[in-house]
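So the structure is just underneath, and the comments pick up after that.
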Amino acid sequence: MSLTVIDTDSDYQSLIDNKDFTAVNFPIKNAVKIFGNSYDRLRGKKKLKLEIENIIGFKDDQLDSCEAIENFLVFTYYLLKTNNKLVVFTVGLSYESIDHYIKIMEIILTKLDDRTLYVVKNFSDINESTLTDFYVHINKIDKEIVFNFMKNWLMGFKPKDEYFAYPQYFGKIEFETDDYFEMLSFILSEPNRNYEFYFINKNNSQYRKGMIVINNNSLYLGVGVNSIHEKSVIDKLSEEYMQTPIIYNNTLPW
């Protein structure tokens with residue numbers, strides 16, 4: 001067994017191109033997709049979850065979380081039963097979920113002979129746990145407000161994800177793209193389309209992370225701030241949006 005963790009700045013293209021490896025969750029045509037209908041159509045999920053818990057030796061609530069981590073754990077285990085070599089892209093998982101996923105897969109691989117798993121971490125070297133998230137809430141969907149936020153707060157940032165699908169985590173895929181702005185325009189074009197966009201910039205000294213969250217026909221615009229710059233960012237957000245920003249640490253703002 002072998003588990004190797006690499007990040008998106010590493011050269012993992014050779015693994016994807018290697019016919020001995022099964023590419024999972026990458027935004028390429030021949031990759032196995034975890035989201036969308038793939039997990040919904042997977043048969044025997046209850047049995048697979050029981051097998052995982054028997055292997056790891058404890059009950060893992062994430063296996064019934066109805067969140068992206070459940071899909072990753074169950075689907076990867078299913079694929080490892082019939083594929084010797086996988087390379088998995090962790091887009092869709094939070095920082096904490098990636099760590100949990102690696103922990104569980106390390107245990108599983110000790111019980112599976114002759115298996116190789118490469119996990120491509122979908123985040124930069126920014127430690128998000130050291131940041132405080134500040135959001136402003138806009139009680140309507142307004143494209144101009146979104147684009148002004150991007151211009152004033154997210155210059156030099158890049159999207160954290162490389163692949164975008166709607167609905168974002170569950171359900172039949174209606175639209176998918178590798179262009180975040182194309183997805184953002186799609187989300188903003190109609191009501192009742194919820195989505196979470198995350199951006200990073202490890203060279204920004206005041207705030208390293210940006211967020212555009214669209215939920216229940218309202219906007220949450222946010223930044224992840226280093227502690228020494230919290231006051232100045234709060235003052236700037238308050239002045240620009242005429243409200244005191246709300247604080248949420250590693251959770252969604254509602």
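The values are calculated or read from the model by the stated rules, or taken from the named source; none is laboratory data. These numbers come from a predicted model, not from an experiment. All Cβ positions, glycine included, derive from the backbone under ideal geometry; neighbour counts span all protein chains shown. Calculation scope for accessible area: heavy atoms of the full protein, side chains included, ligands and nucleic acids excluded. Shrake-Rupley method; radii C 1.70, N 1.55, O 1.52, S 1.80 Å.
Could you run the Karplus curve 6.51 cos²θ - 1.76 cosθ + 1.60 with θ = phi - 60° over the stretch 102-116 and give me ³J(HN,Hα) per residue in whole Hz, x for Gly and Pro?
Whole-Hz 3J(HN,Hα) from phi for the stretch 102-116: 4, 4, 5, 5, 4, 5, 4, 5, 5, 9, 10, 6, 6, 10, 10.
So what are the ³J(HN,Hα) numbers for the stretch 185-201, from phi and the Karplus equation (6.51, -1.76, 1.60; θ = phi - 60°), rounded to whole Hz, Gly and Pro as x?
5, 5, 5, 6, 7, 9, x, 6, 10, 7, 6, 10, 10, 10, 10, 9, 7
Sorted by packing (mean other beta-carbon atoms within 10 Å per residue), highest first, where do 211-224, 73-86, 45-58 land?
211-224, 73-86, 45-58
Given H placed 1.01 Å from N in the peptide plane, which residues other than close sequence neighbours of residue 210 have an amide H under 5 Å from its amide H?
HN-HN under 5 Å from residue 210: 199, 200, 224.
Could you estimate the translational diffusion coefficient of the chain from the Stokes-Einstein equation, with Rh from the Kirkwood formula over C-alpha pairs, at 4 °C and 1.567 mPa s, in whole µm²/s? Could the numbers behind the result be given before it?
Details: Rh = 19.5 Å.
Value of D from the Cα-based Kirkwood radius: 66 µm²/s.
If packing is taken as the average count of other Cβ atoms within 10 Å, what order do 20-33, 159-172 fall into, highest mean first?
Output ranking for 20-33, 159-172: 159-172, 20-33.
Using unit Cβ charges (K, R positive; D, E negative) and no other charged atoms, how large, in debye to the nearest 20, is the dipole of the stretch 99-254 about its Cα centre?
In total the dipole reaches around 260 debye.
Mind checking which lysines have their Cα closer than 22 Å to the Cα of residue 59? Skip sequence neighbours fewer than 8 apart in that chain.
Within the straight-line limit of under 22 Å, residue 59 reaches these lysines: 45, 46, 47, 49, 81, 103, 111.
Mind listing the phi-derived Karplus ³J(HN,Hα) values for the stretch 131-143, rounded to whole Hz, using 6.51, -1.76 and 1.60 with θ = phi - 60°, and x for any glycine or proline?
9, 9, 8, 10, 10, 10, 9, 10, 7, 5, 9, 9, 4
Name the residue from 134, 152, 169 whose Cα lies farthest towards the positive end of the charge dipole of the stretch 62-191, charges +1 on Cβ of Lys and Arg and -1 on Cβ of Asp and Glu.
169
Can you compute the label reach from residue 32? Point 7 Å from Cα along the Cβ direction, backbone N cut-off under 13 Å, restricted to the stretch 60-75.
72-75
Please list, or write none, the lysines whose alpha carbon is within less than 24 Å of the alpha carbon of residue 143, excluding same-chain residues fewer than 8 places away.
Answer for residue 143, where 24 Å is the Cα cut-off: 151, 158, 160, 209, 236, listed by chain and number.
Please give the per residue accessible area of the chain, computed with a probe of 1.4 Å over protein heavy atoms only, in Å².
50 Å²
Between residue 99 and residue 181, what FRET efficiency follows from the Cβ-Cβ distance if R0 is 35 Å, with the result rounded to 0.05?
The pair residue 99/residue 181 has a calculated efficiency of 0.70.
Which stretch or stretches of the stretch 155-189 have amide N atoms under 20 Å from the point lying 7 Å from residue 7's Cα along the Cα→Cβ direction?
156-163
What are the residues whose amide H is under 5 Å from the amide H of residue 204, where those residues sit 5 or more places off or on another chain and H is modelled from the backbone?
none
Please check which bits of the stretch 210-238 a label hung off residue 152 would reach, taking the label as a point 7 Å along Cα-to-C-beta and the cut-off as backbone N under 13 Å.
What the label zone holds, given the 13 Å backbone N cut-off, is 221-222, 234-238.
Roughly what angle does helix 45-56 make with the longest principal axis of the chain, taking Cα atoms, 0 to 90 degrees, to the nearest 10?
Compared with the principal axis, the helix lies near 80 degrees.
How high is the FRET efficiency from residue 46 to residue 194, r the C-beta distance, R0 25 Å, rounded to 0.05? Could the numbers behind the result be given before it?
Working: r = 28 Å, r/R0 = 1.12.
According to the calculation, E is roughly 0.35.
Would you be so kind as to identify which of 80, 104, 35 lies farthest towards the positive end of the dipole of the chain, taking Lys and Arg as +1 and Asp and Glu as -1 on Cβ and the Cα centre as origin?
Checking the options against the dipole of the chain, the answer is 80.
For the ranges 194-207, 231-244, what's the packing order if you count other beta-carbon atoms within 10 Å of each residue, average per peptide, and put the highest first?
Working: 194-207: 16.8, 231-244: 13.4.
Put in order of decreasing packing, that is 194-207, 231-244.
Which far-off residues, 5 or more places away or on another chain, put their amide H under 5 Å from the one on residue 8, with H placed in the peptide plane?
121, 123
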